[in-house]
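The values are calculated or read from the model by the stated rules, or taken from the named source; none is laboratory data. Here the structure is a predicted model, which is why all the values come from computation and not from measurement. Counting neighbours? That spans all protein chains shown, and the Cβs are built from the backbone with ideal geometry, glycine included. Surface areas here come from the heavy atoms of the whole protein model, side chains and all, with no ligands, DNA or RNA. Shrake-Rupley method; radii C 1.70, N 1.55, O 1.52, S 1.80 Å.
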Amino acid sequence: MRDFENDGGHMMFGGVRADSIAERYGTPVYVTDENIIRENYKRIYNAFAKHMEARVHYACKANSSLAVLRILEQEGSCIDAVSIGEVMTAMRAGFDASRILYTGTSVGSAELKAVADLGVMINADSLSAIERLAKIRPDAKMSVRINPGVGAGHCDKVNTGAKDTKFGIPADTAADAYGRAVELGLEPIGIHAHIGSGGQGIEPFTDAVSVLTEITNRIKDDHDIDLEFIDMGGGFGVPYRPNEQVTDAEEIAEAVTDIILNETSVRTVAIEPGRYMVCDSTILLTRCTDVKRTEVKNYIGTDAGFNTLIRPAFYGSYHHVAIANKFNKACEGKYDVVGPICETGDFLARDRALPMPEEGDVIAIYNAGAYSFSMSSTYNSRPRCSEVLVCDGKIDVIREPETTEDLWRHQKIPERLLK
Ligand SMILES: *Cc1c(COP(=O)(O)O)cnc(C)c1O
């Protein structure tokens, strides 16, 4: 877990006092440090590129804010998009179609056509998608998502590579699917698997890539298909807890590229990091609105609930918590940090040792750059919060907070109900 500088009891973030950001922009607010995203990109790109030609496709569902996409566009990243909305958002942020790979799952032909019409390559998730793509664009270059039968992830909900998940074409029928694609006129140039999100350890990656290399060689023999790239997906873990160790990208890169270079004649590897790129770039600042002490528990009530950050409630995820304006104070008791949503499951953190909280304190939630704002909602009719970007002490608003009017914007009341 990344640690932050302490300036006389005040947490510093990107060269700015966290509590002053909360004061100036209101809470809750997501605060992203531009430099951390740039560092993360360079670190993971270099880890792979030093072994072979590498393409980094940022999995933008982790955080699809336009300013974040601009930063990665400047760094030279490509994009992994899972919907037409993500494709269009990436293009709006300046990505050329040639830098986007689309991996939709269970998507209809209208969406496939819309993506293909924009000139974006499609990574087919099923035999049906191959058949339908061939009707839409018979000579398209494309790739195929394999279900490698090996999965990993920080919890079951995000394991996407196991045999019984909905993703990809089963490894044992993959060669036939490639054969069919060629028969239909398509031009397969890649093979893909994504095993899951936030896994630790190296083996699931190497196991999945070995499945891909076997298929790569098999389709060369059976169908004379020469692939240009092997895409190993994303899922690189990030430490969320203090002192937590995760397998570093360097080690994974070395092991994976070794397999590809030794086992196949493919010379380009693609990777799809989402979480790795943005997770530790962002903190969520929320204000303590209410302190409650009961016989069984103490609660810090805040103005951010699972509408703002759903990962703890949805996945049981750990996010580190600190009081930004009491950064050097000793812990005094244990608290559940909870939000304003009217559900028992609305918590950000449980049983955390923290300094004595007071209403008005600024609470910092760590590692809030991935699957955080992008999964936020307006549940309980609470508009989504704002996002700001800091860079060497400069601060810019990159998303204005929504208003209550925004909640009503697309709604209509039938005439007869107005009487
Ligand atoms: C979500 C996703 C990723 C990224 O996963 P992370 O754990 O954020 O790295 C990569 N590829 C595909 C196809 C995905 O759906």
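Protection proxy ranking for 150-156, 94-100, 57-63, using the average of other Cβ atoms within 10 Å per residue and placing the highest first: 57-63, 150-156, 94-100. Scalar couplings 3J(HN,Hα) for the stretch 48-60, obtained by applying the Karplus form with A = 6.51, B = -1.76, C = 1.60 to θ = phi - 60°, are 8, 5, 6, 9, 7, 4, 10, 10, 9, 9, 5, 7, 6 Hz; x denotes Gly and Pro. Inter-label distance, Glu203 to Ala110: 4.6 nm, where each label sits 7 Å from its Cα along the C-beta direction.
Here, the chain is characterised by an Rg to Rh ratio of 1.01, where Rg is the alpha-carbon radius of gyration and Rh the Kirkwood radius. Report, in degrees rounded to the nearest 10, the 0 to 90 angle that the Cα long axis of helix 174-183 makes with the longest principal axis of the chain. Between helix and principal axis, roughly 60 degrees.
Give me the one-decimal Kirkwood hydrodynamic radius in Å for the stretch 153-301, with the sum taken over alpha-carbon pairs. Kirkwood hydrodynamic radius for the stretch 153-301: 17.8 Å. Summary of the geometry: the stretch 394-419 and the stretch 59-91, compared by the centres of their Cα atoms, lie 25 Å apart.
Annotation: peptides 129-139, 230-240, 358-368, 2-12, ranked by per-residue average of other Cβ atoms within 10 Å with the highest first, follow the order 230-240, 358-368, 129-139, 2-12. Note on Lys113: aspartates and glutamates with a C-alpha under 14 Å away, same-chain residues under 8 apart excluded, are Glu131, Asp139.
Calculated FRET efficiency, Thr268 to Met356, Cβ-Cβ distance, R0 = 45 Å: about 0.20 to the nearest 0.05.
Which angle from 0 to 90°, rounded to the nearest 10, does the C-alpha axis of helix 249-263 make with the longest principal axis of the chain? Taking Cα atoms only, the helix is inclined about 10 degrees.
Under the shape rule built on the C-alpha gyration tensor, where the axes satisfy a ≥ b ≥ c, the stretch 332-395 is oblate, since a/c reaches at least 1.5 while a/b does not exceed b/c. A probe of 1.4 angstrom, applied to the heavy atoms of all protein chains, finds Thr213 with accessible area near 10 square angstrom.
Accessible surface calculations at 1.4 Å, restricted to protein heavy atoms, place the stretch 294-415 at 49 Å² per residue. Counting only protein heavy atoms and a probe of 1.4 Å, the accessible surface of the chain is 47% carbon and sulfur.
Where Rh is the Kirkwood radius over the Cα pairs of the stretch 50-139, the temperature 37 °C and the viscosity 0.692 mPa s, what D in µm²/s does Stokes-Einstein return? Diffusion coefficient, whole number: 244 µm²/s.
In terms of distances greater than 28 angstrom between alpha carbons, the cross-link table entries Lys157/Lys220; Lys334/Lys394; Lys61/Lys163; Lys42/Lys329; Lys163/Lys220 yield Lys157/Lys220; Lys334/Lys394; Lys42/Lys329. At the residue level, Met88 shows approximately 110 square angstrom of accessible surface with a 1.4 angstrom probe and all protein chains present.
Once the Cα atoms are used to define both axes, helix 66-75 deviates from the longest principal axis of the chain by about 50 degrees.
Projected onto their three principal axes, the Cα atoms of the stretch 231-289 cover extents of 60, 21, 12 Å, largest first. The 1.4 Å probe gives accessible areas that order Leu418, Leu227, Leu261, largest first, as Leu418, Leu261, Leu227.
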